[in-house]
């Protein structure tokens, strides 16, 4: 008797190979940007170690029974919250944020682990059989699950990472099938808060937009007044949070509006990043031949600005190839989330996609000057052990779902 076993039916190479390609490109960018830097030349070896460790963890996650993720969702979330509280007390402050717990010579960011924990907890809560997504109670509890870690991360303070949490909450709401009005109730406070950071005029315009939509939806007057008051409070709270940010974070946001207002300070990285990518031309200057990269014009370019190395040394063609790999990877995850019959796993998949995609959009937006510099790494490419490890665990969950996808009908 012959057993017909097709490895492609159990292992999704369409997920794994693009990530390995991105990781290899990231290693090349890290090596190029640190080879002439005495203080950072060990980062390449560290990333290799984290990479090998992450691949092992990936296969362990891939091999687990799928029901493990559901049964451990709440304990994992509790651990995530505990670590976020702990880092506020024992964490090390780096680049203005107290977000690192040091393990010997290696640092670990609890906020990275808490992303996965939050995804699992929200997916568990929304996939309950009696869940009514348009119920005010359900919306409030879901927001509570998602905003609890977000608030703790803002206390570090780490605005960039908190934006990722907001994105995954909204994406999972949408995927669950929330109504247009309920989605407006969830989105409007974030919209008003962001506008409030940019100034009083933007804040007033945002409130006017919210008021117009409330009139269009024609809901109960008391309910509309409550929603408007909550949006108003969020705007004032956002202004308070902005003023509570460290000076260098405030300057980063101000430099986003006008990089030339401080070309040698907060606007420096953005200006140099544009120069690096623009100077790469069509085919790039060649590996280890980028002037901006080798002369270290951008401090710690191997982290948040690693894409600049690719843009300068591999040019427009290399950059386009990276964007194409990411696009294919994102579409693959979206297809997997759409096709799975298990609602919990589908929500987990779309939450993971939201994390990857938000990192991708914000990082590239920072590099080309379309978004403020908020310290968001590019998945699988930027240097960072804890980020890579958690990203590979999430990839392992997706691969696990592909392996067991026929178990759900």
Per residue and in Å³, how big is the convex hull formed by the alpha-carbon atoms of the range 63-205? 130 Å³
Give the distance, in whole Å, between the Cα centre of the range 334-409 and the Cα centre of the range 28-63. 19 Å
Using only DSSP helix segments of four residues or longer, with each worth -39500 (n - 2.57), what per-residue ellipticity at 222 nm results for the chain after dividing by its residue count and rounding to 500? -24000 deg cm²/dmol
Report the relative contact order of the chain, percent, no decimals, based on alpha-carbon pairs under 8 angstrom and at least 6 residues apart. 27 percent
How high is the relative contact order of the range 267-402, given as a whole-number percent (alpha carbon pairs under 8 Å, six or more residues apart)? 26 percent
Highest-MSF residue in the chain out of 164, 205, 87 [GNM, Cα springs under 10 Å]: 205
Using a Gaussian network model of the chain whose springs link C-alpha atoms within less than 10 Å, name the residue from 28, 238, 229 with the highest mean-square fluctuation. 229
For the chain, radius of gyration divided by Kirkwood radius, i.e. Rg to Rh on alpha-carbons: 0.97
Listed residues 111, 188, 386; largest mean-square fluctuation, Gaussian network over the chain with Cα springs below 10 Å, found at 188
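Each value in this text was obtained by applying a stated rule to the coordinates, not by laboratory testing. Bear in mind the structure is a predicted one, so any value in this text is a computation, not a measurement.
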